[in-house]
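The values are calculated or read from the model by the stated rules, or taken from the named source; none is laboratory data. Keep in mind it's a predicted model, so treat the numbers as computed, not measured. All Cβ positions, glycine included, derive from the backbone under ideal geometry; neighbour counts span all protein chains shown. Please note that ligands, DNA and RNA were not included when accessible areas were found on the heavy atoms of the full protein model with its side chains. Shrake-Rupley method; radii C 1.70, N 1.55, O 1.52, S 1.80 Å.
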Amino acid sequence: MPHTESRHIVIVGGAIIGSFCAWSLRREGFAGPITVVERDPTYQCSSTALSAASIRTQFGTPVNIKMSLMGARMFRNIKAFFGDDADIGFQEKGYLILGGDHLVAEREAAAEMQRAQGADILSLDPDELALRFPGIDFNGVGIGTLGMQHEGWFDAWSLLSLVRLAARQLGVCYEAATVDSFETQGAAVSAVGLSSGKKIACDYCVMAAGPLSGRLVAQLGIDLPVVPRKRTVFSFKTPFKLANFPMLFDSSGLWVRPEGKGYIGGIQPPAAIDGDADGDFEPQHALLEELFWPLLATRIPAMAELRLERAWAGHYEMNTLDHNGVVGSHDELTNLIFATGFSGHGVMHAPAVGQAVAELITFGAYRSIDMTPLGWGRIRTSSPLLESIVY
Ligand SMILES: Cc1cc2nc3c(=O)[nH]c(=O)nc-3n(C[C@H](O)[C@H](O)[C@H](O)COP(=O)(O)OP(=O)(O)OC[C@H]3O[C@@H](n4cnc5c(N)ncnc54)[C@H](O)[C@@H]3O)c2cc1C
């Protein structure tokens with residue numbers, strides 16, 4: 001479908017993914033009307049606002065690495081995109097991902113693949129790790145891989161505020177409303193229905209509703225395996241100090257990184273208690289006592305002394321097929337464009353996703369990063385593109 005000024009794009013969900021789609025469409029020259037429908041302009045339950053806002057290039061899937069590199073380049077040069085006052089506090093301090101002896105060959109191969117994609121990854125043995133990171137006990141570790149650039153953390157709320165404001169300044173309309181139905185005509189979504197009863201006609205419908213995307217498109221008879229899974233973040237203080245402390249992904253499954261004057265961290269809940277979250281944002285405090293704290297104190301003994309400051313829970317938009325995003329058109333309703341399912345890596349990938357959706361709509365093809373591997377086709381045929389490095 002060629003783009004003309006009369007085409008109307010409706011984006012469902014106006015957090016980081018929806019806003020980057022809208023802004024990128026304008027940057028790629030789409031001049032027609034764009035309406036972003038966002039049910040909660042405070043974003044208090046959005047994954048974006050509740051995320052750990054970190055970026056890594058250490059993935060098992062090449063397209064994810066390319067997306068991260070695009071994100072990192074933007075984060076480094078944020079003023080060039082959003083003006084001189086733009087600041088997202090990007091701390092380019094690297095991820096350190098630890099693996100046991102049995103993982104050495106696999107992790108070396110992964111690092112080699114990541115380097116081939118343009119990432120800057122250093123492989124370290126336990127002696128090298130101990131020298132570089134005093135105070136961390138590398139007992140049981142066979143390898144650590146460290147991102148030397150393009151990895152770290154930032155302020156997701158600032159990023160969202162910047163892109164949303166920039167989109168509005170470019171004439172994107174944000175409508176505070178809940179999409180609760182769809183109309184179709186032939187092979188197209190022709191309108192979205194709002195809970196107020198209002199209908200908005202559309203030529204393209206971009207699905208960027210995060211963890212609720214699967215439930216929403218079920219109304220169209222589409223089986224999108226994207227569900228909300230709760231993840232708890234613990235914010236704490238400890239006397240332990242290490243100037244070059246990275247985002248640490250431990251071999252035990254926990255993660256921890258500096259945040260302000262303290263740290264934040266978390267751990268994936270055991271499968272038995274990791275069902276669909278369904279509106280539940282209550283932090284899982286038992287994870288701290290039973291898993292996170294003991295494992296943390298083993299890896300970093302000085303962190304046994306820890307004072308919890310607060311905890312919060314957000315929802316991963318988990319793609320249960322393969323832990324990867326779904327980007328691109330549906331095969332039957334071809335003007336329905338997915339931009340969802342990023343399973344814990346959507347903030348870092350938002351600039352690349354927005355760019356891809358903009359290219360697809362504006363030019364009918366990807367020009368920057370080929371997102372075909374993330375397309376709907378693999379969902380239709382249940383052919384997972386499994387992301388192996390998952391936290
Ligand atoms: C604890 C935690 C830690 C994370 N850490 C990281 C990290 O370190 N790095 C990283 O890159 N990612 C991380 N993520 C994942 C990241 O937050 C998500 O991938 C990303 O925010 C997805 O953005 P989104 O815009 O698709 O979804 P959301 O931010 O959830 O936005 C979806 C929006 O759609 C709106 N919406 C939903 N339904 C409707 C409807 N029917 N009508 C209108 N509006 C609707 C919602 O109100 C919401 O604002 C983390 C997530 C969590 C929960």
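A few comments on the model shown:
- Restriction of the GluC sites (Glu not before Pro) in the stretch 5-40 to DSSP coil positions whose beta-carbon has at most 10 other beta-carbons within 10 angstrom yields GLU5.
- Charged-residue dipole, Cβ positions (Lys, Arg, Asp, Glu), the stretch 10-90 about Cα centre, Debye nearest 20: 320
- J(HN,Hα) series, the stretch 337-349, from Karplus relation 6.51 cos²θ - 1.76 cosθ + 1.60, nearest Hz, glycine and proline x: 10, 7, 8, 7, x, 6, 6, x, 10, x, 6, 5, 8
- Using the Cβ-Cβ distance between ASP125 and SER382 with R0 set to 41 Å, the FRET efficiency from 1/(1 + (r/R0)^6) comes to roughly 0.55.
- Among ALA271, ALA187, ALA311, the largest mean-square fluctuation in a Gaussian network model of the chain, built with springs joining Cα atoms closer than 10 Å, belongs to ALA271.
- Projecting the Cα atoms of SER196, THR232, ASN139 onto the dipole axis of the chain, where Lys and Arg carry +1 and Asp and Glu carry -1 at the beta carbon, places SER196 farthest toward the positive end.
- When only Cα pairs below 8 angstrom with a gap of at least 6 residues are kept, the stretch 116-198 shows a relative contact order of 20 percent.
- C-alpha center-to-center spacing [the stretch 112-136, the stretch 27-88] in angstrom: 27
- Dimensionless Rg ratio for the stretch 1-105, taking C-alpha atoms and the 2.2 N^0.38 Å reference: 1.38
- Pairs of alpha carbons in the chain separated by more than 34 Å make up 27% of all such pairs.
- Distribution of pairwise C-alpha distances over the stretch 194-292, 5 Å bins, in %: 2, 10, 15, 16, 14, 12, 10, 8, 7, 4, 2, 0
- For ILE222, net neighbour charge (Lys/Arg +1, Asp/Glu -1) across residues whose Cβ lies under 12 Å away: -1
- Order of exposure, largest accessible area first, which applies to TYR263, TYR366 with probe 1.4 Å: TYR366, TYR263
- Rounded to 0.05, the FRET efficiency of the ASP223 and GLU108 pair, given R0 = 45 Å and the Cβ-Cβ distance, is 0.75.
- Atom-type composition of the exposed protein surface of the stretch 16-72 places 50 percent of the accessible area on carbon and sulfur (1.4 angstrom probe).
- Placing a label point 7 Å from the Cα of GLU289 along the Cα-to-Cβ direction, the residues of the stretch 306-340 whose backbone N falls under 15 Å of that point are 308.
- Placing a label point 7 Å from the Cα of ARG115 along the Cα-to-Cβ direction, the residues of the stretch 64-86 with a backbone N closer than 19 Å are 65-66, 69.
- Relative contact order [Cα under 8 Å, 6+ residues apart], the stretch 249-391, whole percent: 21
- The stretch 202-263: trypsin sites (Lys or Arg not before Pro) falling in loop per DSSP and having at most 11 other Cβ within 10 Å: LYS241, LYS261
- Sequence-distant aspartates and glutamates (8 or more away, or on other chains) whose Cα lies within less than 15 Å of LYS79: ASP87, ASP155
- Note: relative contact order over the chain, using C-alpha pairs below 8 Å and six or more positions apart, is 24 percent.
- The stretch 262-391 - percent of accessible surface contributed by carbon and sulfur, probe 1.4 Å: 53
- Accessible solvent surface per residue of the chain, calculated while the other protein chains remain in place, 1.4 angstrom probe, Å²: 40
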